[in-house]
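**Student:** Sending over a structure as structure tokens; questions will come in a sec.
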Amino acid sequence: MTDIRSVRRVHMIGVGGSSMSGLAGLLKDEGYEVTGSDRTRSHKTEALEARGVKVLIGHQAENVHGAQLVIYSAAIAADNPERAEAERLGIPQMERCDLIGQLMKGSECAIAVSGTHGKTTTTSMLAQAFLTAGHDPSVHIGGELDFLGGSTRRGKDEFILEACEYNRSFLHFYPTMAVILNIDEDHLDCYKDIDDIEHAFLQFARLSKYIVGWGDDMRVLRVIRESGLPHTTYGLGEGNTLRPEGLSFDERGRASFTAVWEGEPLGAFALGVPGQANLLDALATIAVAHLRGLSMDAVAEALSQFRGAHRRNELTSVTDGVKVFTDYGHNPAEIKSALEIAALEPHKTLWAVWQPHTYSRTKALFDQFLTTFDKADKVLVTDICAAREKDPGDIRSEMLIEPLRAHGVDAVLTPTFDDAEAYLRAHWQEGDVVITHGCGDIDLLNEQIALHGDTKPGK
């Protein structure tokens with residue numbers, strides 16, 4: 001594999017992605033000449049251009065000319081014209097996860113946060129906690145955090161990163177501490193079944209020297225036991241190393257508790273974000289921070305001020321008196337969690353707008369999705385986001401509508417974002433709440449609603 005330190009000019013395919021854009025900025029700051037390409041222009045590509053990264057819109061073979069190394073994400077297939085041209089010209093290619101592995105290799109403490117869901121939030125909480133406590137960590141998050149000023153930073157202390165299981169990417173990393181938040185069904189286009197997913201997490205755990213895991217998840221516990229590694233567990237159950245005592249939630253669903261480590265109190269915590277999922281992510285953060293010797297007062301301050309990463313229950317506008325949120329969640333557990341948080345907002349009608357992500361996930365988890373939207377009063381379903389996949393011709397969004405209705409969900413097909421916006425504006429009322437779900441480009445719907453502003457009379 002090419003050593004990133006041996007080249008100076010790098011081309012990145014899919015540079016507008018959350019992870020890739022952060023890495024492009026990091027490489028630019030370290031003195032590399034960076035170019036990139038993506039299908040569409042976005043605020044991320046515009047931000048990169050402002051930093052001096054040349055961004056080309058559209059994938060063309062000539063985009064790689066002059067590059068000494070081509071970096072691509074797992075979503076970029078080998079037949080992509082830029083990858084094919086790099087192959088023809090003999091330009092070395094490196095997958096994004098291998099680049100991250102090179103950047104973290106040799107770190108005295110590399111904290112890799114894994115799990116089917118909650119990775120971005122927990123990695124963001126850790127970054128904010130370590131910085132608040134006066135540490136100087138390197139950070140790589142699969143999202144954007146205002147406190148960080150983006151998704152990456154280069155520091156001199158710990159290396160804190162989000163470790164994604166898609167396509168077994170996390171097996172390319174070099175963690176010293178593996179955090180395992182949960183293990184659920186997802187990414188069944190590259191895993192055979194849930195047991196195959198669990199085995200991949202075991203392989204990931206064995207790359208590290210220490211494990212921090214959610215002790216109330218039986219699959220996580222099994223991975224911990226089979227790894228044979230020293231570990232810490234956190235959770236609500238009695239057997240966990242770290243537990244919350246005196247737990248309560250305010251009217252907005254924000255948890256307050258005393259963190260107790262093997263019977264000894266570490267300190268009092270009051271979270272700035274609501275919901276049980278965020279509570280569990282905060283417990284993981286406290287466990288890691290305690291193991292690293294951080295001031296619990298600083299960690300408590302960071303968690304009280306933490307407001308979440310972008311696209312994680314993010315308020316994007318108040319339009320016609322309706323609060324409009326977006327959330328990156330794309331599997332059933334993530335969507336349920338986002339809806340539970342959205343339901344805590346005072347509302348008349350709670351609208352969910354769902355963009356199913358990939359044909360394979362929609363088919364594999366079809367029955368689970370039917371019972372995902374119980375908290376929503378009304379659900380709009382857009383066309384499936386193909387992402388990296390080609391249309392197999394046997395699954396369409398319209399096939400979800402009648403089964404959803406049979407499960408008591410008031411579902412409507414709105415194929416395009418324009419359709420969804422028109423339906424919302426025709427039916428929502430002041431005091432309603434809207435949340436969009438998906439890891440594709442559903443956030444563009446939020447952007448256009450905000451851009452169009454309040455509905456004009458007669459429209």
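**Student:** Please report, in whole Å, how far the alpha carbons of the stretch 159-214 spread along each principal axis, starting with the longest.
**Tutor:** Projected onto the principal axes, the Cα atoms of the stretch 159-214 cover 30, 21, 16 Å.
**Student:** Another question, if that's okay. Can you give the extra length, in nm with one decimal, that the chain gains between S6 and D157 once fully stretched, where that is 0.36 nm per residue apart less the Cα-Cα distance? Display every interim value, and only then the final one.
**Tutor:** Numbers: separation 151, 0.36 × 151 = 54.36 nm, distance 2.39 nm.
Roughly 52.0 nm would be gained on extension.
**Student:** Ignoring everything but the protein chains, give the 1.4 Å probe accessible area of L242 in square angstrom, nearest 10.
**Tutor:** Approximately 0 Å² for this residue.
**Student:** Then there's this: So, in nm, how far is label D136 from label S295 when the simple model puts each one 7 Å beyond its Cα toward the Cβ?
**Tutor:** Placing both labels 7 Å beyond Cα along the Cβ direction yields 1.8 nm.
**Student:** Quick check on the chain: of the DSSP beta bridges with both residues there, what percent are antiparallel, nearest 5%? Numbers along the way, then the final one.
**Tutor:** On the way: 21 of 75 bridges.
Within the chain, antiparallel bridges account for around 30 percent of the total.
**Student:** Right, here's the next one. Taking only the alpha-carbon positions of the chain and ignoring solvent, what does the Debye formula give for the base-10 log of I(q)/I(0) at q = 0.07, 0.10, 0.14 Å⁻¹?
**Tutor:** Scattering profile of the chain, log10 relative to I(0): -0.35, -0.75, -1.47.
**Student:** How do L131, L247 rank by accessible surface area computed with a 1.4 Å probe, from largest to smallest?
**Tutor:** Numbers: L131 45, L247 65 Å².
Highest to lowest solvent-accessible surface, that is L247, L131.
**Student:** If every alpha-carbon in the stretch 48-98 counts as one equal scatterer, what log10 I(q)/I(0) does Debye give at q = 0.13, 0.28 1/Å?
**Tutor:** Log10 of I(q)/I(0), two decimals: -0.31, -1.20.
**Student:** How much length would be gained if the chain were fully extended between D79 and K192, taking 0.36 nm per residue of separation minus their Cα-Cα distance, in nm to one decimal? Write down the numbers at each step before the final one.
**Tutor:** Values: separation 113, 0.36 × 113 = 40.68 nm, distance 2.40 nm.
Gain on stretching D79 to K192: 38.3 nm.
**Student:** For q = 0.17 Å⁻¹, what log10 I(q)/I(0) does the stretch 256-309 give under the Debye formula with an equal point scatterer on each alpha carbon and no solvent?
**Tutor:** Log10 I(q)/I(0), no solvent term: -0.46.
**Student:** Further, regarding this structure: Please work out the Cα convex hull volume for the stretch 237-335 and give it in Å³ per residue. Working shown, then result.
**Tutor:** On the way: hull volume 12.2 nm³, N = 99.
Hull volume over Cα atoms, normalised by residue count, gives 123 Å³.
**Student:** At a probe radius of 1.4 Å, what is the per-residue accessible area of E301, in Å² to the nearest 10?
**Tutor:** 90
**Student:** Also, I was wondering about something else. With a 1.4 Å probe and all protein chains left in place, how much of the accessible area of the chain comes from carbon and sulfur atoms, in whole percent? Intermediate results must be reported in sequence, preceding the final value.
**Tutor:** On the way: 8770 of 18670 Å².
On the chain, the fraction of accessible area on carbon and sulfur atoms equals 47 percent.
**Student:** In addition: Can you sort M399, M1, M125 by solvent-accessible area, 1.4 Å probe, largest first? It would help to have the intermediate numbers written out before the result.
**Tutor:** Values: M399 70, M1 160, M125 5 Å².
The residues order as M1, M399, M125, largest area first.
**Student:** Could you pull out every residue, at least 5 positions away or on a different chain, whose amide H is within less than 5 Å of the one on G440? Hs are placed 1.01 Å off N in the peptide plane, and Pro or chain starts have none.
**Tutor:** For G440, whose amide H was placed from the backbone, there are no distant partners under 5 Å.
**Student:** Give the long-range amide H neighbours of T319: residues separated by 5 or more places, or on another chain, with amide H under 5 Å away, using H modelled in the peptide plane at 1.01 Å from N.
**Tutor:** V324
**Student:** Please compute the per residue accessible area over the chain with all protein chains in place, 1.4 Å probe, rounded to a whole number of Å². Working shown, then result.
**Tutor:** Values: 18670 Å² over 459 residues.
Per-residue value: 41 Å².
**Student:** Using a 1.4 Å probe and counting only protein heavy atoms, arrange I76, I57 so the residue with the most accessible area comes first. All intermediate terms of the calculation are to be shown ahead of the outcome.
**Tutor:** Numbers: I76 25, I57 70 Å².
Sorted descending by solvent-accessible area, the residues read I57, I76.
**Student:** Continuing with the same structure: Roughly speaking, what % of Cα-Cα pairs in the stretch 133-250 are separated by over 21 Å, rounded to a whole number?
**Tutor:** Values: 3325 of 6903 pairs.
Counting pairs separated by more than 21 Å, the tail of P(r) holds 48 percent.
**Student:** To the nearest 500 deg cm²/dmol, what mean residue ellipticity at 222 nm is calculated for the chain from DSSP H runs of n ≥ 4 alone, each contributing -39,500 (n - 2.57), summed and divided by the residues? Write down the numbers at each step before the final one.
**Tutor:** Details: 15 runs with 152 residues, N = 459.
Value at 222 nm, helices only: -10000 deg cm²/dmol.
**Student:** Of all the Cα-Cα pairs you can form in the stretch 275-434, what percent are over 27 Å apart?
**Tutor:** Values: 4153 of 12720 pairs.
More than 27 Å apart: 33 percent of the Cα pairs in the stretch 275-434.
**Student:** Of the options F366, F306, I13, report the single residue whose Cα projects farthest towards the positive end of the charge dipole of the chain (beta-carbon charges: Lys, Arg +1; Asp, Glu -1).
**Tutor:** Of the listed residues, the answer is I13.
**Student:** Got a number for the accessible area of R311? Probe 1.4 Å, square angstrom, nearest 10.
**Tutor:** We get 40 Å² for R311.
**Student:** Restricting everything to alpha-carbon atoms, can you work out Rg to Rh for the stretch 349-402 with a Kirkwood hydrodynamic radius? Intermediate results must be reported in sequence, preceding the final value.
**Tutor:** Working: Rg = 11.4 Å, Rh = 11.7 Å.
My calculation puts Rg/Rh at 0.97.
The values are calculated or read from the model by the stated rules, or taken from the named source; none is laboratory data. Just so it is clear, the model here is predicted, and its values are computed rather than measured. Glycine also receives a Cβ, built like all others from the backbone with ideal geometry; neighbour counts cover every protein chain displayed. Calculation scope for accessible area: heavy atoms of the full protein, side chains included, ligands and nucleic acids excluded. Shrake-Rupley method; radii C 1.70, N 1.55, O 1.52, S 1.80 Å.
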